[in-house]
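Reviewing the structure listed below.
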Amino acid sequence: MHSIKISSRFCLSFISAVLFSFALKAQSTGSLRGFVTDSTNGEAVIYANVVVAGTLNGAPTNTKGYYYIPAIPAGKQTVIFSHVNYKPKEITVTIRANQITELSAALTPKNIELQEVSIIGRNTLKPTETNLGLEKISAKEIEMIPIGAEPDVFRALQTTAGVTTTGDVSAHYYVRGGAGDQNLVLLNGATIYNPFHALGIFSVIDPEMISAVEFYKGGFPTKYGGRLSSILNIITKDGNKNSYHGTLAASLLSGKASVEGPIPHGSFIVTGRKSYYAEILKKYLNDQEAPFDFYDMSFKANYSNPDLLNNGKFVLFGFTSDDAVKNNNPLMEDYDVKNNVLGINWNQVWASPLFSTVNISYSGFRAEVNPNLSQSKYRMNRLNDITADFNFTYIYQNKDELEFGLQNKMLDVKLTQQNLFGTTTDFNQNGWDMTGYVNYRFYRWEKVGFEIGTRVKFVALSILRPFFFEPRLSIHYLPFPFLSFKASIGRYSQEVISLSNENEVISIFQPWVIVPKGVAAPESSDLSLGVDAYLNDQLEISLTGYYKYITDLTDVNEQKYTPQDYDFINVNGKSYGMEFVTKYQSQKFFLNLNYSLGWTYQINGNLIYVPKYDIRHTFNILLGYNFGNEWTASAVWSLRSGMPFTPIAGFYDRMPINNVWGDYVFEPYQPVIYWGDRNSYRLPYYHRLDISVSKRFQFYFTHLTFEGSILNIYNRKNIFYFDKDTGKITYMLPFFPSVSLKIEI
């Protein structure tokens, strides 16, 4: 009995000692947080590394430039701030136990041009971060792509692994076998429904307004939803907080200007672009007339007053664009497409380790086809989107993160069309989507990290709604410092779709609607596996495989025989493939080499076929070199399989019969095409080389940047399509030189 009492006392003493040691450890640690900015303009430095010297404690800055580091030993510590484009900075700070210490830093940009155009590198501070499928792209890398008519973020996306396109004439992109409407484009949290100028030739997003780009090719976290394939999150600049600046730029197609500067407790930026020589677009359209006229404008103002609200920041932003096709011919139709966006963001760092973002925005889209006296019919599509999102992130002392929020979207959609007999049909829809999400990230371990979460759809837009839960799981294993394995699996849904005709060579009118009555909303299950090897600070190699199965895609009902039959039916789809990427960067040289192999299928009962964006092989090489003395050069070479197309199997003669005043009149025989199996043939391989050279000059207080580029330098005749009536071949973009000039004041 006495021994039992001694054992009990020993156990109690041991447990008390362990608990006391944990409490002592908790009491001897504190937290550090703050913002990292650019010393020259006050802009947030995104994805900067912040690390406590001599410890494993560190964190990256987010898209607001904010960081938070928990569990730092109390006492004096040296904090190192670093970024690939900035000079490192060290600051000594005193960490107080059980308190959050505020420490912000302003970094000085490096004077190395090539580093300014590089893709933002991997995050070394959270080696177990589960970011499979995420590409972080800087605005400078977008400018690195040789321009044709305009610098374009979507053209830059087309050079990344897993992204394909159907031709030079289009900036539309397709991600891992998904359709074009399965890509969500966000501008400061607001949805852009028609992100294209000139009927799809390039994007409405001017690189001058971009601060950073996050591009998720799959496995995106639970805070993102509403699409099946990808998320493109564009964060715009805040504007210079230190002084007033302006830029003027001109290309062969358009002129643009921007102005930015400080305001009391904040800053602003305004950008604008206007076309003035649309004839240059004839290069994209096989020398056909291109009477395009477009403009876009954006503004952003931010306000942060610690006397009003400590650690709070308010952002007001807006965007508008208009595209018009005026043929000045009553026998031809005209087009008009508009976007209007207005939003406000409230970013708040609370007294506890809690960070919140409130996004409230309006996004309007309108597209109209005016037939005039042509054979076309009147068409109009209007969409109004009011969004209110509430997002929260809580960081624990063990480095884990809890992310949760509530997202609301109210839509009002109208589609007006005329049939062949001139009868007008109105298709009106409205609905409310309310979705909650929760996600927990485990960052407490050194070699293993994972996150688990789900989206919960409380209220759905569509009648045949998606499943209530959308669970997602991501895992990251780091057996060695230079090698990491990643995996993700998740469920996704989409209730707003675009009605487009795949048989159109160029999709001119693509209306957005809520999933129509009689068909279910599309859903997908996505699995990705990847491995990354960091051979040294300059060389990185990655290999990723994916499999995606989609149910309830919306397709045209080609067997509609009665008015009671639905216009659309559900079909299924699947895609799978692999991506290989090699990235190398030194002070003088930059290389991004990637290869993608993919299969995409759509399944309608026993019929299995490939869509037009099923590109089997894709190979891209992006090179950049800094010659010094403000001279830089870049080149992009692309090689990919030809697009699928439906061949003509033959012709037959049809005799039209018309009823004229009760009498049947037999017209002469007319030839009719007999089509073969859908998309059963492929065009020849596509390849093209683009190059560009730029030089930056300084005159007193201004900087001039001159860029010359050549697209398709060896004039490869890539086939775009065959004319079904004449059999004539139409080629894609020919040899195309271009120049641009930018003036910075």
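Read-outs: derived from the displayed coordinates by stated rules, not from any lab. For clarity, every value in this text was computed on a predicted model and none was experimentally measured. FYI the Cβ positions are ideal-geometry reconstructions off the backbone, even for glycines, and counts take in every protein chain you see.
The charge dipole of the chain, taken about its Cα centre with unit charges on the Cβ of Lys, Arg, Asp and Glu (plus for the first two, minus for the last two), comes to roughly 2400 debye. The ranking of V52, V163, V531 by Cβ neighbour count inside 10 Å, starting from the fewest, reads V531, V52, V163. Considering the dipole of the chain built from charges on the beta carbon (Lys and Arg +1, Asp and Glu -1) around the Cα centre, which of F392, F268, I608 is farthest to its positive end? Positive-end residue among those listed: F392.
Derived scalar couplings between HN and Hα for the stretch 167-179 equal x, 5, 6, 10, 8, 4, 10, 10, 10, 6, x, x, 6 Hz in order, rounded to whole Hz, by the Karplus curve 6.51 cos²θ - 1.76 cosθ + 1.60 (θ = phi - 60°), x for Gly and Pro. For chymotrypsin sites (Phe, Trp or Tyr not before Pro), the sites in the stretch 404-485 that DSSP calls loop and that have at most 16 other Cβ atoms within 10 Å are F421, W445, F467, F468, F482. In loop segments of the stretch 634-742 as defined by DSSP, the trypsin sites (Lys or Arg not before Pro) with at most 15 further C-beta atoms inside 10 Å of their C-beta are K717, K724, K728. Working from Cα pairs under 8 Å separated by at least six residues, relative contact order for the chain is 10 percent. Hey, what angle do you get for helix 2-27 against the long axis of the chain, alpha-carbon based, 0 to 90 degrees rounded to 10? Long axis of 2-27 versus the principal axis of the chain: about 60 degrees. Helical content alone sets the calculated 222 nm signal of the chain at -1500 deg cm²/dmol, taking -39,500 (n - 2.57) per DSSP H segment of four or more residues and averaging over every residue. Exposure proxy ranking for T705, T191, T92, based on other Cβ atoms within 10 angstrom of each Cβ and starting from the fewest, stands as T92, T705, T191. Placing a pseudo-label 7 Å from each Cα along the Cα-to-Cβ vector at L741 and M655 gives an inter-label distance of 6.9 nm.
For the stretch 293-364, chymotrypsin sites (Phe, Trp or Tyr not before Pro) are listed when DSSP marks them as loop and at most 16 other Cβ atoms sit within 10 Å of their Cβ; the list is W350. Sorting D555, D532, D38 by the number of Cβ atoms found within 10 Å of their own Cβ, with the fewest placed first, yields D555, D532, D38.
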